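Working notes for the structure below.
Here, each number is a calculation from the coordinates, and none is a lab measurement. Please read these numbers as outputs of a predicted model, since none were measured by experiment. Cβ: placed from backbone, ideal geometry, glycine included. Neighbour counts: every protein chain shown.
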Amino acid sequence: MAHIMETERDAGVRYTVRWRDGGRFKQRTFTVKREAERFRDKVENDLAEGTSTAPLSARSKTFRETAEAMLAAQTRLKQKTLDSYDVAFRVHIYPVLGARRMTTITTADLEAFLRDLRAKPKTNGQPRSETSVLGVWKAITRTFRWAHARRMIVHDPCAAVERPRADTEEARFLSVEEVDAVAARLSEQPPYDLLVRFLAFVGLRAGECAALRIRDIDLLHAEVRVRLSKTATSKGWVTDAPKSARSVRDVPILDDGLLADLRAHIEAHPRGDDPDAGLWPGKVPGHSIVSYDHPFDPKGFYRYTFTPAARAAGFPALKLHELRHTFATLALESGALDMHELSRAMGHASYAVTDRVYAHLRRKDYSAQRARFSAHVARAVEPTQPVRLRAVEG
């Protein structure tokens, strides 16, 4: 049961609703008796239904306590995601919301938080992108959803906040000649020249490519089986399942020349008879020597091998991920894949992602469709021949 205590103070009468839940006393104070009575009825109703009254207490958990409990309870999140949440909490969220009680944070507070975050430049002085804001927002919403599902708060204040939208930049891509120009700069460090062409003509993510084994190249069916991904985390390199369920896929090898070069690469691989051997070699630490005794490091390859080669070929700002865009562009422009097939090959979470990024690359040649449509219309408007009736002799 809950009861109301009246207390005379300098500022006037205060009405404190006091009750016991889980063996501990809780309370909340009001300035208006009618509000206290309504709150008392709410408490008694929740206690009768067996619902925790923790969200009703003024001494609810702080945002930081809740977020730490939420992170400790996660068993399925990948380490890279946990790392991103950790940075978002420590750098952006805790300094503003960490000490606030969960029950006191409102929708207006969260909207103000997002406004201030957008106005705060990055450490390099550049404006903060919406993609960056979205990453921080995901950490906040996961915390409130987790608390609401466990009835630690009565409602989720995030529900009424407009979700930040990731920036959508037009994908940059290379021509076949430009891909070959970059690869040529690595011809003295084989098979890294082949690796550049592989990324541009197959379209895997860098982490997916880094995790490939001999067994993942199906030369008979001309496919690459994506089953693992290699990711840099706070705990070192982690090889785990790919980014999402749709990222587990079989990607076609569409270029005959690349297929032939992959066959030759595997035949010459010093561990080609071991299906679990890494497809790509790493480098001896501190040297430029390519070695299959060392695991492939995609970050090191990008920084110390690919970037200098791209710069020498005339592309100083080229990113490794733009080779993935190159594959999508070539696949659509050539007509080798339609948008749905490309979405599957890219391993996007949904067709909508593919359409948003590559819609401007749709083939614009509608001559075949126009011919069929015109023929259909022409048949519909053709004049009908008059029907001649023969006289029937009686």
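Excluding same-chain neighbours fewer than eight residues apart, the lysines reachable from LYS319 by a Cα-Cα span under 19 Å are LYS230, LYS299.
Among the listed pairs LYS235/LYS283; LYS26/LYS78; LYS122/LYS235, those whose Cα-Cα separation exceeds 32 Å are LYS26/LYS78. If the chain linking SER291 and ALA317 were pulled fully straight, counting 0.36 nm for each residue of separation and taking away their Cα-Cα distance, it would gain 6.6 nm. Between PRO157, PRO127, PRO308, the GNM of the chain built on Cα springs shorter than 10 angstrom shows PRO127 fluctuating the most.
Give, as ranges by residue number, the residues of the range 68-84 whose backbone N falls under 16 Å from the point 7 Å along Cα→Cβ of VAL91. Correct set: 80-84. Among ALA211, ALA99, ALA48, the residue with the largest mean-square fluctuation in a Gaussian network model of the chain, with springs joining Cα atoms closer than 10 Å, is ALA48. The mean sequence distance of close C-alpha pairs (under 8 Å, at least 6 residues apart), as a share of the length of the range 2-56, puts its relative contact order at 29 percent.
Across the range 248-309, counting alpha-carbon atoms alone, Rg and Dmax equal 13.6, 36 Å. Computed FRET efficiency, Cβ-Cβ of GLU49 and TRP237, R0 56 Å: what is it to the nearest 0.05? Rounded to the nearest 0.05, the efficiency is 0.70.
Contact order, relative form, for the chain: 12 percent (alpha carbon pairs under 8 Å, 6 or more residues apart, mean separation divided by residue count). For the chain, a crude dipole built from +1 on the beta carbon of Lys and Arg and -1 on the beta carbon of Asp and Glu, taken about the Cα centre, is about 1780 debye to the nearest 20.
ARG372 to ARG344: FRET efficiency via 1/(1 + (r/R0)^6), r the Cβ-Cβ distance, R0 30 Å, to the nearest 0.05? In this case the efficiency is close to 0.65. For the range 307-379, the Stokes-Einstein estimate of translational diffusion at 20 °C and a viscosity of 1.002 mPa s comes to 147 µm²/s, using the Kirkwood hydrodynamic radius over alpha-carbon pairs.
For the range 166-290, averaging the sequence separation of C-alpha pairs within contact (under 8 Å, six or more residues apart) and dividing by the residue count gives a relative contact order of 23 percent. Here the range 2-56 is treated as a sphere whose radius is the Kirkwood value from Cα pairs; by Stokes-Einstein at 20 °C and 1.002 mPa s it diffuses with a coefficient of 187 µm²/s. With springs only between Cα atoms under 10 Å apart, run a GNM on the chain and tell me which of ALA268, ALA328, ALA210 wobbles the most. Looking only at ALA268, ALA328, ALA210, the biggest GNM fluctuation is shown by ALA268.
Counting every C-alpha pair in the range 176-361, the share spaced more than 28 angstrom apart comes to 20%. Segment ARG38..ARG101, full-extension length gain: 20.5 nm, with 0.36 nm per residue of separation and the alpha-carbon distance subtracted. Taking 0.36 nm per residue of sequence separation and removing the Cα-Cα distance, the ARG9/ALA73 pair yields an extension gain of 18.7 nm.
Within the range 103-169, the GluC sites (Glu not before Pro) that combine a DSSP coil assignment with at most 15 other C-beta atoms in a 10 angstrom radius are GLU162, GLU169.
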